[in-house]
Ligand code: PMV
């Protein structure tokens, strides 16, 4: 009744922003992402009749009562599927260097879902696991399958699931995370998802995002990097246009974010194929092909606004491992 799983964080090229069902976390649009090699959560879960209460422990980090309750609510979902009533001990550890602003909720709920399912020996398919991880924390469903992943918005909980559209080896891309402000954590997105419709640009996003998804998947299939990059950057700017015009406005960019965006646009104009995407924080994910990694890292190192970089390759999804955390 004890198992350990590890799962990557992911970066979305077509973003998930807005929900049609808050409790089930059904998204307003389908999204597309890449799993990140250098940002993982590892979690061990044990169920035992010897435990008198559920215990959650974060190694090297503090957790809040709200985080504890959200984790236990997820364990309850799995316990009820498996028909098990034993208490659990959950120990979890993030690999991320501090201050990157990468959220641990995607990798965390993916690792938690798989570790608990393995410990309970629950007969769940990968599709089932993505559905459960989604209820735990939206974009966590994209951290279950391997490599490059599409999360179909679906029409119900059973159909809003994620699947791999390419292994980690399919395309040698890089997400070079350029940290411009290590003191700013990723700002929680839960409330932002709720107020999307207050933006005058929301309907335009809804009307265009599925077409962008189809276009980027075609560029992905052809490994057409320039088209791929153009579309992912367009989707990032489109999501931030909605965020910035919501009530209350969500402005995640700082002066350093803007300076870096301008540099990347300039490098591209001078012939270096490089694009950016940004989530709910100030740091910039710089996307390029593996062959240009060194050049891009050198250029980023030369900018005063960049404090450090974290080079991510595409990575496999959530999987069980033999080394337990306790
Ligand atoms: O899963 P959440 O609630 O953290 O939402 C993710 C929102 C973005 O990171 C901004 C976009 C995405 O698709 O990852």
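Read the figures in this text as sums done on the coordinates, not as results from a lab. Predicted, not measured: the structure shown is a model, and the values here were computed from it. Cβ: placed from backbone, ideal geometry, glycine included. Neighbour counts: every protein chain shown.
The C-alpha atoms of the chain define a longest principal axis, and helix 126-137 lies at about 80 degrees to it. Evaluate the relative contact order of the stretch 29-119 (contact order divided by residue number), counting alpha-carbon pairs under 8 angstrom at least 6 apart; express in whole percent. Taking the mean separation of contacting Cα pairs over the length of the stretch 29-119, I get 50 percent. Prolate is the label for the chain, because the ratio a/c of its alpha-carbon gyration tensor axes (a ≥ b ≥ c) is 1.5 or higher and a/b is greater than b/c.
Going by a ≥ b ≥ c, the root eigenvalues of the Cα gyration tensor, does the stretch 65-119 fall in the rounded group (a/c under 1.5), the prolate group (a/b larger than b/c) or the oblate group? Taking the square roots of the gyration eigenvalues as a ≥ b ≥ c, the stretch 65-119 is prolate. Computed from Cα positions, the angle between helix 202-222 and the longest principal axis of the chain comes to roughly 90 degrees. Ordered by the count of other Cβ atoms within 10 Å of each Cβ, fewest first, 183, 43 give 183, 43. Compute the angle between helix 225-245 and the longest alpha-carbon principal axis of the chain, please, reported from 0 to 90 degrees and rounded to the nearest 10. The answer is roughly 80 degrees. Annotation for the stretch 260-325 versus the stretch 222-242: alpha-carbon center distance of 15 Å. Rounded if a/c is under 1.5, else prolate if a/b beats b/c, else oblate: with a ≥ b ≥ c from the C-alpha gyration tensor eigenvalues square-rooted, which is the stretch 24-76? Prolate, since a/c reaches 1.5 and a/b exceeds b/c. The order of the peptides 61-71, 78-88, 306-316 by mean Cβ neighbours within 10 Å, most packed first, is 306-316, 78-88, 61-71. Taken along its principal axes, the alpha carbon cloud of the stretch 93-183 reaches lengths of 42, 29, 25 Å, longest axis first. For the chain, adding -39500 (n - 2.57) for each run of n ≥ 4 DSSP H residues and dividing by the number of residues yields -11500 deg cm²/dmol at 222 nm.
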